[in-house]
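All remarks here apply to the structure that follows.
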Amino acid sequence: PLSSYLRILNMDSPADSPEEEACSLSDVEPRPGARDIIPDDLICDFDNDSATSLKDRLLAYFESEKPFLSKNISMEEVAMRLFTNKSYLSKTINVEMNKNFRELVNYFRVREAIKIYSSNQNISMNELRDKCGFNNNASFTSAFKLNTGMTPGEWCRDLKNKKNNGEIGVAYGKE
């Protein structure tokens, strides 16, 4: 009961009767300006547009902060940064993007690898893998092949050949 809690905090005297012990949420007045603590653009109302809103926030976060470059990225961490829970984040990624969390992270990592290699073709595959957040060659290769249809080595050779043949300009791989 509220009065017991207030007694513990020395904020109120003990209740004189059991009726005083009863308290409902309607009895509690919100602190003036309480809603102003969280900006309106970060509040998710869970209506029909909430999944799209979360998707947009997720994509903006990935584009600006690049959390996918961390080898230790977790869905819990991303959900916390987006002010949501991991179940809702997972469902949004599955339904709105037709991917799971790991596939989405690897998609962004492969995009980053393409950008990096397109601007620096002297980088080693191990260095490229590490810069993009992959833990090992197997995950780097499988993610790259899933997203491009080629292994990293094949893609890099293809890029060099196309540049040497004048088929593409220096902006290849940049969006």
Positions within the stretch 123-135 being open to solvent by less than 70 Å² (accessible area, probe 1.4 Å) and without any contact (Cβ under 8 Å) to a residue 60 or more places away in the chain, in sequence order: Ile123, Ser124, Met125, Leu128, Arg129, Asp130
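Out of curiosity, is Leu146 open to solvent by 60 Å² or more (accessible area, probe 1.4 Å), part of a helix (DSSP H, G or I) and hydrophobic (A, V, I, L, M, F, W, C)? Quick ask: steps written out before the conclusion?
Values: open to solvent by 60 Å² or more (accessible area, probe 1.4 Å): yes; part of a helix (DSSP H, G or I): yes; hydrophobic (A, V, I, L, M, F, W, C): yes.
Yes.
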Out of Ser90, Ser64, Ser26, Ser53, I need the residue that is modelled with pLDDT under 50, part of a helix (DSSP H, G or I) and open to solvent by less than 100 Å² (accessible area, probe 1.4 Å). Which one? Ser26
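The values are calculated or read from the model by the stated rules, or taken from the named source; none is laboratory data. Note that this is a predicted model, so its numbers are computed, not measured. Counting neighbours? That spans all protein chains shown, and the Cβs are built from the backbone with ideal geometry, glycine included. The accessibility values were calculated without ligands, DNA or RNA, using every heavy atom of the protein model including side chains. Shrake-Rupley method; radii C 1.70, N 1.55, O 1.52, S 1.80 Å.
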